[in-house]
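Working notes, beginning with the structure itself.
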């Protein structure tokens, strides 16, 4: 990923936090047919390996898990908040007019070799943890144990687990670091006026840059 130094984020805890908060990744691999992408909710095991390990699963019918070209790395792309930035929000618009639109965004790229896990006994704990994690905020959370055992067993046969021990982790936080303070203040105010979660998240990151 092209990352100008100004936009680079390499703090491991910050990168891990984004992965945990935005766990649905685009999983990109190279096979005989070329590039393939699937969208996979991953769990992050922060303590497994120097940069952590991602664990997820694919449908058995999805050919991607069979066609990964070894030893080529897989890539999981985690997208954070993003917003279009209008030059009309910059103080520089009236000062000198040298302004153009851009896009602010946060993204993490995780690289590593993809391994498959084709063992129901190992997949079941993964599914239980995945469910517990995402049901935690639900008023009446569902658990895997509620479903009939034979039904869950049949579903386990229909999926294949995947693991990526992260060998390289890149973060890009493009949040108006290249603009003067007055421009950043204008962008933050406009985003806060929009009021949706992504706009507010980008505004908060801009404000954290200081004046």
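The values are calculated or read from the model by the stated rules, or taken from the named source; none is laboratory data. None of the values given here were measured: they were computed from a predicted structure. All Cβ positions, even for glycine, are placed from backbone atoms using ideal geometry, and neighbour counts span all protein chains on display.
Here are the numbers for the structure shown:
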| item | result |
| --- | --- |
| The stretch 27-62: number of residues that are in contact (Cβ under 8 Å) with a residue 24 or more places away in the chain, in a strand (DSSP E or B), touching a strand residue (DSSP E or B) at 6+ places or on another chain (Cβ under 7 Å) and surrounded by 14 or more Cβ atoms within 10 Å (Cβ to Cβ) | 14 |
| Boolean, residue 198 is within 26 Å of residue 15 (Cα to Cα), modelled with pLDDT of 95 or more and part of a helix (DSSP H, G or I) | yes |
| Test for residue 37: is it out of contact with any helix residue (DSSP H, G or I) (no Cβ under 7 Å at 6 or more places or on another chain) and more than 24 Å from residue 13 (Cα to Cα) | yes |
| Test for residue 169: is it in contact with a strand residue (DSSP E or B) (Cβ under 7 Å, 6 or more places away or on another chain) and closer than 30 Å to residue 3 by Cβ | yes |
| Residue tally, condition in contact (Cβ under 8 Å) with a residue 24 or more places away in the chain and assigned to a helix (DSSP H, G or I), over the stretch 177-193 | 10 |
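Conditions (1) in contact (Cβ under 8 Å) with a residue 40 or more places away in the chain; (2) more than 23 Å from the chain's Cα centre (by Cα); (3) closer than 21 Å to residue 193 by Cα, marked per residue:
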site	(1), (2), (3)
73	yes, no, no
79	yes, no, no
82	yes, no, yes
86	yes, yes, yes
90	yes, yes, yes
93	no, yes, yes
97	no, yes, no
101	no, yes, yes
106	yes, no, yes
